[in-house]
Amino acid sequence: MPEEAEVIRRVFREFASGKSPKAIAVDLNRQGIPGPLGRAWGDTSIRGYRSRGTGIINNELYAGVLVWNRMHFIKDPSTGKRVSRINPESEWIRTQVPHLRIVDDGLWNAVRARQEQIAEIFGPNPANTREGRMKRVHLANRPVALLSGLMTCGCCGGRCGIITTDRYGCLSHHRRGTCDNNRTITRDKVEARVLVGLKERLVSTEAVAEAVRAYAEAMNRLNRDRRTQAQGDSKTLAKVEKAIAGIIAAIEDGMYLPSMKARMDELERQKAEIMARMAEAPADMPDVHPNIANLPVPCRAFCRSLGRSEWRTAGGRGAALAHRRDCSHTR
């Protein structure tokens, strides 16, 4: 459609002129111009990944070139999900489709030149992977905050995070312009409110007693189930082995019927299943005593550590991430 083609050319022109993908996305969203697939515009939908040919400004189809075989998919054995893998560029198949061109060579090359300038500013990246780029662009320059991504905007339901050095705000508003909530709150204020409640919940006598009771009940119930299963398997295995021995004794005494073979096969199958299940079963553990008196001690130590300032600095990134993981488990 001519209107959509003009939007694409606009994105190319503005990026080539020095405008950032984030600023372009915000302007398009504010003007109500739909993005790819009718969704809101984001900076990643514009800049994409140059090595993969993704993103508006990297799509060669706009320059009249159709690219095939850029990537292949494999199944991750640990998750069962499909994951993409980029093919060597020498294996890409390019076909000229000039009738689909909407961006001329001058504008296309201007965008490439702008990308080269950005690459020079950030310097060479020894790890040409998505993780490597994220470490350079995001992790190296943006501080980890205790509550980033854990709070949501009351207007749009999107995530809140650090907007400036010491203020939280709606990321949809500040990065995409799709939310009108421009209010922010100081980092110290909101984290103090959350940590006060967190400390009270973690170290109160009632909360600890309830946590200990629930933990002890759950672990002891699992132990009982394991023991019941183990005892049942042991009894069944003994019966199966006794039946197998009886058939063998009968054959040795000269008795044999065709049905004995089928019965022996079935018994051997049952024996193998039971032994495999018993081998995979976890080792028996002692029951948990409900009176774990020293549990509040590490909880209090953890809460005191939340008030320290080292996880606010670049050198305390590991501590901040550890606190965030612990907080996510206590929600």
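The values are calculated or read from the model by the stated rules, or taken from the named source; none is laboratory data. From a predicted model like this one, the values you see are computed outputs, not experimental measurements. As a convention, Cβ positions derive from the backbone with ideal geometry for all residues, glycine included, and neighbour counts pool all protein chains shown.
Listed here are the residues, each with its yes/no results for (1) among the aliphatic types (A, V, I, L, M); (2) buried (at least 19 other Cβ atoms within 10 Å of the Cβ); (3) not in a strand (DSSP E or B).
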{"residue": "Ser172", "(1), (2), (3)": "no, yes, yes"}
{"residue": "Asp180", "(1), (2), (3)": "no, no, yes"}
{"residue": "Val190", "(1), (2), (3)": "yes, no, yes"}
{"residue": "Arg193", "(1), (2), (3)": "no, no, yes"}
{"residue": "Glu200", "(1), (2), (3)": "no, no, yes"}
{"residue": "Ala207", "(1), (2), (3)": "yes, no, yes"}
{"residue": "Val212", "(1), (2), (3)": "yes, no, yes"}
{"residue": "Glu217", "(1), (2), (3)": "no, no, yes"}
Mind listing whichever residues of region 258-284 are surrounded by 11 or more Cβ atoms within 10 Å (Cβ to Cβ) and either outside any helix (DSSP H, G or I) or not assigned by TED's automatic domain parsing to the domain that holds Ala230 (or both)?
Ala281
I'd like the full set of residues that are free of Cβ contacts under 8 Å to residues at least 40 places away in the same chain, of a type in the set (Ser, Thr, Tyr), surrounded by 13 or more Cβ atoms within 10 Å (Cβ to Cβ) and over 15 Å from Glu14 (Cα atoms), limited to region 40-78.
Thr44, Thr54
Among the residues of region 222-232, are any at pLDDT 85 or above, assigned to a helix (DSSP H, G or I), surrounded by 11 or more Cβ atoms within 10 Å (Cβ to Cβ) and assigned by TED's automatic domain parsing to the domain that holds Thr164?
no
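With the requirement that a residue be without any contact (Cβ under 8 Å) to a residue 12 or more places away in the chain and under 15 Å from Glu4 (Cβ atoms), what does region 20-35 give you?
Listed by number, the residues that qualify are Gln31, Gly32, Pro34, Gly35.
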It is to be established whether one or more residues within region 305-323 are at pLDDT 60 or above, within 37 Å of the chain's Cα centre (by Cα) and in a helix (DSSP H, G or I).
yes
So Pro77 fits all but one of (1) within 22 Å of Pro36 (Cβ to Cβ); (2) in a loop (DSSP other than H, G, I, E, B); what number is the exception?
(1)
Selection count, region 157-170, where residues are in contact with a helix residue (DSSP H, G or I) (Cβ under 7 Å, 6 or more places away or on another chain) and either assigned by TED's automatic domain parsing to the domain that holds Thr44 or surrounded by fewer than 16 Cβ atoms within 10 Å (Cβ to Cβ) (or both)
3
Restricting attention to region 107-129, the residues that are at pLDDT 55 or above and either of a type in the set (A, V, I, L, M) or assigned to a helix (DSSP H, G or I) (or both) number exactly 16
Return the total of residues in region 146-155 being surrounded by fewer than 17 Cβ atoms within 10 Å (Cβ to Cβ), within 22 Å of the chain's Cα centre (by Cα) and not in a strand (DSSP E or B).
2
Any residue that is farther than 30 Å from Pro286 by Cα and touching a residue at least 12 places away in the same chain (Cβ under 8 Å) - is there at least one of those in region 197-210?
yes
